[in-house]
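Step one of this worksheet: look at the structure below.
What follows draws every value from the coordinates through simple rules; no lab data is involved. Quantities reported herein were computed from a predicted structural model and do not represent experimental measurements. Positions of Cβ are backbone-derived with ideal geometry, glycine not excepted, and every protein chain shown enters the neighbour counts.
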Amino acid sequence: MMVLIAKETKVVIAKGAEIQSLSFGYLVEGDSIYSPAQDYNAYTLDEVHAAEIKPQEYCYDSATGLFYKNPDYVPYVSPEDHIRELENEIDNLRKLTADQRYRDLDLTVTPLEWIKKAKIGQLNEACEATILRGFSSATTGHFYSFGVHDQTNFTQQMLLLVAGTTDGDVTWQTEDEGEVDHSMKQFLAVCAEAEQHKRTNIRQYQKLKAQVESADTWQQVDAISWN
């Protein structure tokens with residue numbers, strides 16, 4: 001089996017029994033023509049010796065007669081496969097939380113505007129999580145969940161009370177003691193505390209966001225945190 005080796009890099013360029021020698025010193029493999037006299041050396045090796053050797057992936061040391069891995073080899077990726085790889089990377093990024101995306105940044109080399117954008121996303125995520133986590137009521141001493149559905153239920157119950165379509169005690173699920181009866185006055189006070197809980201955290205987010213936007217260095221941005 002004939003093997004063509006690039007003189008300068010020692011990279012295996014081609015191999016195979018189909019490589020033919022032309023009378024004027026050139027070698028041809030299919031549509032490719034090589035000039036051993038100028039840029040390539042041609043060696044004839046036994047098929048067992050060269051069977052596992054793949055062009056571009058290996059180099060050949062003629063002094064020792066040994067093949068070795070090409071340290072500069074980069075596998076070919078078709079445009080279609082490259083697109084699929086990019087799509088997978090995008091899908092993986094979408095699965096990351098804003099906090100993970102910020103923490104994955106190399107702050108020393110990432111442009112400041114990108115860092116700011118990622119930090120604002122991290123703060124926004126923390127704000128939303130804090131709101132949804134719930135709040136403790138000074139009126140009743142109980143802890144209330146405040147997820148999206150909880151917020152809707154609070155609003156609906158409050159409107160019913162204000163409209164006078166319902167009266168008496170309101171039985172409400174708490175996180176610390178399960179269902180608890182509330183007087184109308186107590187429940188309206190809890191609703192007010194829920195709104196205050198939400199607005200307080202939103203104001204905190206807006207304050208921190210402004211600090212990020214006015215920062216001049218990545219160190220200043222990184223020093224800003226939700227807690």
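Ordering I202, I224 from the fewest to the most neighbouring beta carbons within 10 Å gives I202, I224.
When R101, R203, R94 are sorted by how many other C-beta atoms sit within 10 angstrom of their C-beta, beginning with the fewest, the order is R94, R203, R101. Taken about its Cα centre, the chain carries a charge dipole of roughly 800 debye when the Cβ of each Lys and Arg holds +1 and the Cβ of each Asp and Glu holds -1. Helical content of the chain, expressed as a calculated mean residue ellipticity at 222 nm, amounts to -14500 deg cm²/dmol (DSSP H runs of 4 or more residues, -39,500 (n - 2.57) each, divided by residue number, nearest 500).
Where in the chain is the longest stretch that carries no chymotrypsin sites (Phe, Trp or Tyr not before Pro) classed as loop by DSSP and with at most 16 other Cβ atoms within 10 Å? Longest gap between qualifying sites, sites excluded: 77-225. In this structure, K185 and N124 have a Cβ-Cβ separation that, at R0 = 35 Å, corresponds to a calculated FRET efficiency of about 0.50. If a spin label sat at a point 7 angstrom from the Cα of S145 along the line to its beta carbon, the backbone N atoms of region 160-174 nearer than 15 Å would be those of 172-174.
With 28 Å as the limit on Cα-Cα distance, the pairs of K7/K69; K117/K198; K54/K95; K185/K207 that go past it are K54/K95; K185/K207. When K95, K117 are sorted by how many other C-beta atoms sit within 10 angstrom of their C-beta, beginning with the fewest, the order is K95, K117.
Nearest 0.05, what FRET efficiency do S62 and E85 give at R0 = 45 Å with Cβ-Cβ as r? Result of the calculation: an efficiency of 0.75. Tell me, rounded to the nearest percent, the portion of alpha carbon pairs in region 100-197 spaced more than 19 Å apart. Everything past 19 Å amounts to 52 percent. For region 114-124, putting each phi into the Karplus relation 6.51 cos²θ - 1.76 cosθ + 1.60 with θ = phi - 60° gives couplings of 5, 4, 4, 4, 5, 5, 4, x, 4, 5, 4 Hz, in residue order, rounded to whole numbers and with x for Gly and Pro.
Kirkwood Rh over alpha-carbon pairs of region 146-227, then Stokes-Einstein at 20 °C and 1.002 mPa s: what D in µm² s⁻¹, rounded to an integer?
140 µm²/s
Within the listed set E195, E52, E80, the residue fluctuating most in the Gaussian network model of the chain (springs between alpha-carbon atoms under 10 angstrom) is E52. A compact globular protein would have a Cα radius of gyration near 2.2 N^0.38 Å; the ratio found for the chain is 2.01. Each residue of region 172-180 was assigned a 3J(HN,Hα) from its phi angle through the Karplus expression (A = 6.51, B = -1.76, C = 1.60, θ = phi - 60°), giving 9, 7, 10, 7, 9, 9, x, 6, 9 Hz with x at Gly and Pro. Taking 0.36 nm per residue of sequence separation and removing the Cα-Cα distance, the E175/Q196 pair yields an extension gain of 5.7 nm.
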